[in-house]
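Inspection log for the structure reproduced underneath, given as structure tokens.
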Amino acid sequence: QAQLVESGGGLVQAGESLRLSCTASGSGFSINAIGWFRQAPGKQRERVAGFTKDGRSMYVDSVQGRFTISGDNAKNTVFMQMNSLKAEDTAVYYCNLISRGTSYWGKGTLVTVSS
């Protein structure tokens, strides 16, 4: 079982930056893949950035060049640096972990970008 706790959301103005963190805890889990999703009001949840099992990173086109995902393996923590934020980045951001075929979700952290 894994528990995920996100932090770092908040209210910022367009053009500013935020850094999200997600820490995984628990026992008996392994990180096969980990990343960030977001869900804006009235929209479906979408994958924003993540690491695959072989360590490759991916980004949705809308954040490419602005967001950077990184990790601290020793602390089971993944970060997402979000720069040049736009109003359309406003959403609840969720951390997702895949362990042995099971998907785990955090409760989410709200990012609001005012224009």
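Taken together, the criteria place residue 42 among residues that are at positive phi and open to solvent by 80 Å² or more (accessible area, probe 1.4 Å).
Scan region 37-62 for residues that are touching a residue at least 12 places away in the same chain (Cβ under 8 Å) and either touching a strand residue (DSSP E or B) at 6+ places or on another chain (Cβ under 6 Å) or part of a strand (DSSP E or B) (or both) and the total you get is 16. Among the numbered conditions (1) open to solvent by 80 Å² or more (accessible area, probe 1.4 Å); (2) more than 17 Å from residue 100 (Cα to Cα); (3) in a loop (DSSP other than H, G, I, E, B), the only one that residue 15 does not meet is (1).
What residue, of 65, 106, 101, is over 14 Å from the mean Cα position of the chain (by Cα) and more than 16 Å from residue 18 (Cα to Cα)?
101
Beta carbons closer than 7 Å, at least 6 apart along the sequence or on distinct chains, pair a first residue in region 25-36 that is closer than 18 Å to residue 51 by Cβ and at pLDDT 90 or above with a second that is among the basic types (Lys, Arg) and open to solvent by 20 Å² or more (accessible area, probe 1.4 Å) for 33/53; 35/47.
The values are calculated or read from the model by the stated rules, or taken from the named source; none is laboratory data. Computed from a predicted structure; not experimentally measured. Every residue, glycine among them, receives a Cβ derived from its backbone with ideal geometry; neighbour counts consider all protein chains shown. When the accessible area is computed, the model is the full protein with side chains, heavy atoms only, and any ligands, DNA or RNA have been set aside. Shrake-Rupley method; radii C 1.70, N 1.55, O 1.52, S 1.80 Å.
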